[in-house]
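Rule-based calculations on the coordinates, nothing more; no lab input. These numbers come from a predicted model, not from an experiment. Positions of Cβ are backbone-derived with ideal geometry, glycine not excepted, and every protein chain shown enters the neighbour counts.
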Number of protein chains: 2
Amino acid sequence: MSKITRRAALAGVAGAGAASGLQPSASAQAAAPAAARQAAGFYRYKIGDYEITAINDGVRQDKLETSPYRNAKLEEVQAALEATFLPKNQMSIVFNQALVNTGSKLVLLDTGNGPGRGPTVGMLPANLAAAGVDPKTIDTIVISHFHGDHIGGLRTADGQLAFPNAEIKVPAREWAYWMDDGNMSRAPEGSNLANNHRNVRRIFAGLGDKVTKYEWGAEVGPGITAMDTNGHTPGHTSFVVASGPGKLIVQSDVTAHVALLFLRNPEWHAGGDMDGPQAVRTRRKLYDMVATDRILLAGYHLPFPAVGYIEKDGSSYRFVPAAWSPVL
Amino acid sequence: MSKITRRAALAGVAGAGAASGLQPSASAQAAAPAAARQAAGFYRYKIGDYEITAINDGVRQDKLETSPYRNAKLEEVQAALEATFLPKNQMSIVFNQALVNTGSKLVLLDTGNGPGRGPTVGMLPANLAAAGVDPKTIDTIVISHFHGDHIGGLRTADGQLAFPNAEIKVPAREWAYWMDDGNMSRAPEGSNLANNHRNVRRIFAGLGDKVTKYEWGAEVGPGITAMDTNGHTPGHTSFVVASGPGKLIVQSDVTAHVALLFLRNPEWHAGGDMDGPQAVRTRRKLYDMVATDRILLAGYHLPFPAVGYIEKDGSSYRFVPAAWSPVL
């Protein structure tokens, strides 16, 4: 086409068969095999003197057949996917951890899915390796809450500790909730809740002396403070990372599942939001604050590299990814 | 802080000195040296059967002291930067090429800055290497227009061809304009225009038999059609890449410089927009079309990986980056 016209752009290439009429270049190859390999999922940025590495743990691609949200209809979910320029028939749930290098400590916030949860998740170890980080050098693991996609990566496939030298810090309220035999016994047999109780006990079995429980408000690493963002789970925690004038809020699962959808629909309850109304209150409170004060936000389930700003948009929100910087 | 409060989040970590009170982990290191290395700048996605690799050529970071736009005041530029969550005192101009693997041909659209233009640009060769692409295997280079950040990468530091086996395709109108001795003689001595004339002749010197001139509407590679988007330069060209149901428009410099600012301010004229009003008409026509038809767009000066959608927002536009997929 010689001009910008809708017809031309939509019609595709007139006479694509003409490809065979192209002059072969001197270097024409028999074929150009596809690389079929994605770039490694890590990205670095600075917060004050701290170096943050966003690490991707992969993606779970679920077919969309019924609404995964308790208070949204399938058609509403499809409309929200379309409005967000995501495929309408699929839920792509991505997982991103943040590694904080404070200059004195390497602190990893959450650990991803771990092994055995499918071929396209559990990529944290590979992406850490691509980023040049040896799991043995990690000093501290801080867990936000006890869902499997956050604690699964504490163990390797053979049950060993994935980060053998790290102290493990967990929210005291989260530990209290999931380790309570009464809570476990009340979870309906076969439910996700019951399965999660069992998974928590499997992961933490025998780790008593490695695990430290922290309270909201505590400093869980140099310049890293635990913040109450309960609702998603009883002990769900976010983190404020502060260095000099720099500030980052790591929101964990304040928006879970396909996080972008919850920005447009902050009232929705994801399956994993154990207290839906409280999760909504937490979400609005945090987003109203970071939008007003323009605080940089890292989100576990936002698209990699999962760091950016929140804009208020009427009664909902918009995620503005931070511009990727090719240099540090 | 134990609750989400503005005061707490803004105040930073109360008693950061308490860091020294942390229990040292068993593995405590003396220090955690910063990696100080950004991830490689490449990203892959599919358009129908084609594999596209977005490649980053780096970033030029200019101090913002006067408005770089002919019809915008410094304060307006600063306000637009702030609204876009970019630093107010700096213009970060990023450069991104698209490599199209059609299955039979490797086609590179534009070549970046090339050597000698500063330490943070000219990263195309390194990022191609990271993506596993040998420059010798590239069959075709298609040039959108003759500014230095698009043609500079045709040559290595010692003046050799950076892509020795590639046919080079250039817009016939662009060639005619820049190779015209009258146009060159009319460019004011010492101007960017005069410098660009000289640079064009340096780059293309002795390449007569390697260079093919194409017309708008021509197929410049299998399924890749040249589209008239003049205004930025007289022969400025964008590309429609079509494979099966997949479609991508590679917009080149329809928005140049800090492209995000032109989405909010489509009427602005960048220094490089040789015919400002025509550049504005082209911009609006293209963006109105891709917004209405939800066509995926790749932009040379958009933040890496520089691929996404355009939303209409009143009389301006918004860029919605495509969600990064960890898998292909």
Size of electric dipole in chain A: Cβ of Lys, Arg +1 and of Asp, Glu -1, about Cα centre, debye, nearest 20: 820 debye
For region A:243-302, just the Cα atoms, rotate onto the principal axes and tell me the three extents in Å, largest first. 38, 19, 18
Average partner coverage of A:210-216, which counts Cβ from other chains inside 10 Å: 1
Which order do the peptides B:121-133, B:137-149 take when ranked by the mean count of other beta-carbon atoms within 10 Å per residue, highest first? B:137-149, B:121-133
Options B:ILE249, B:PRO303, B:PRO222, ranked by Cα towards positive dipole end of region B:40-321, top entry (Cβ charges): B:PRO303
Label point 7 Å beyond Cα along the C-beta direction, distances from A:GLU76 to other copies (nm, shortest first): 4.2
Full extension from B:ALA126 to B:GLU215: what is 0.36 nm times the residue separation minus their Cα-Cα distance, to one decimal in nm? 28.9 nm
How big, on average over all directions, is the shadow cast by the Cα convex hull of region B:45-157, in nm²? 8.8 nm²
Nearest-ten-degree value, helix B:192-204 long axis tilted from longest Cα axis of chain B: 70 degrees
Divide, for region B:284-324, the radius of gyration over alpha carbons by 2.2 N^0.38 Å, where N is the residue count. 1.08
Inter-label distance for A:LYS63 and B:ALA34, nm, one decimal - labels placed 7 Å from Cα along Cα-to-Cβ: 4.8 nm
What average number of partner chain Cβ atoms lie no more than 10 Å from the Cβ of the residues making up B:37-46? 6
For a quick protection proxy, order the peptides A:243-250, A:206-213 by their average other-Cβ count within 10 Å, most packed first. A:243-250, A:206-213
Ignoring everything except DSSP H segments at least 4 long, calculate the 222 nm mean residue ellipticity for chain A; use -39,500 (n - 2.57) per segment, divide by total residues, nearest 500. -6500 deg cm²/dmol
Can you check how the C-alpha radius of gyration of region B:54-104 compares to 2.2 N^0.38 Å, as a plain ratio? 1.56
Cross-link reach list, lysines versus B:LYS46, counting only Cα pairs under 18 Å and skipping chain neighbours closer than eight places: A:LYS88, B:LYS105, B:LYS247
Convex hull over the Cα atoms of region B:97-221, averaged projected area in nm²? 8.2 nm²
Order of A:LYS46, B:LYS88, A:LYS169 - criterion: other Cβ atoms within 10 Å of each residue's Cβ, fewest first: B:LYS88, A:LYS46, A:LYS169
All-pairs Cα distance distribution in region A:226-328, expressed in whole percent, bin size 5 Å: 2, 14, 25, 27, 19, 8, 3, 1, 0
Most exposed first, judged by fewest Cβ atoms within 10 angstrom, B:MET274, A:MET227, A:MET184 run A:MET184, B:MET274, A:MET227
Region B:40-321, relative contact order [Cα under 8 Å, separation at least 6], %: 18 percent
In vacuum, with every alpha carbon of region B:112-168 counted as one equal point scatterer, what does the Debye formula give for log10 I(q)/I(0) at q = 0.14 Å⁻¹? Two decimals, please. -0.35
Taking the convex hull of the Cα atoms, report for the protein assembly as shown its projected area averaged over all directions, in nm². 29.5 nm²
Averaged over B:132-140, number of beta-carbon atoms from partner chains that fall within 10 Å: 3
Label-point separation in nm, B:SER316 to B:LYS88, each point 7 Å along Cα→Cβ: 1.6 nm
Rank-order A:312-318, B:162-168, B:256-262, B:284-290 by packing density, defined as the average count of other C-beta atoms within 10 Å over each peptide's residues, highest first. B:256-262, B:162-168, B:284-290, A:312-318
Would you mind computing the Rg to Rh ratio of chain B from its alpha-carbon coordinates, Kirkwood style for Rh? 1.03
Tell me the Kirkwood radius of region A:223-268: reciprocal of the mean inverse pair distance over distinct alpha-carbon atoms, in Å. 11.6 Å
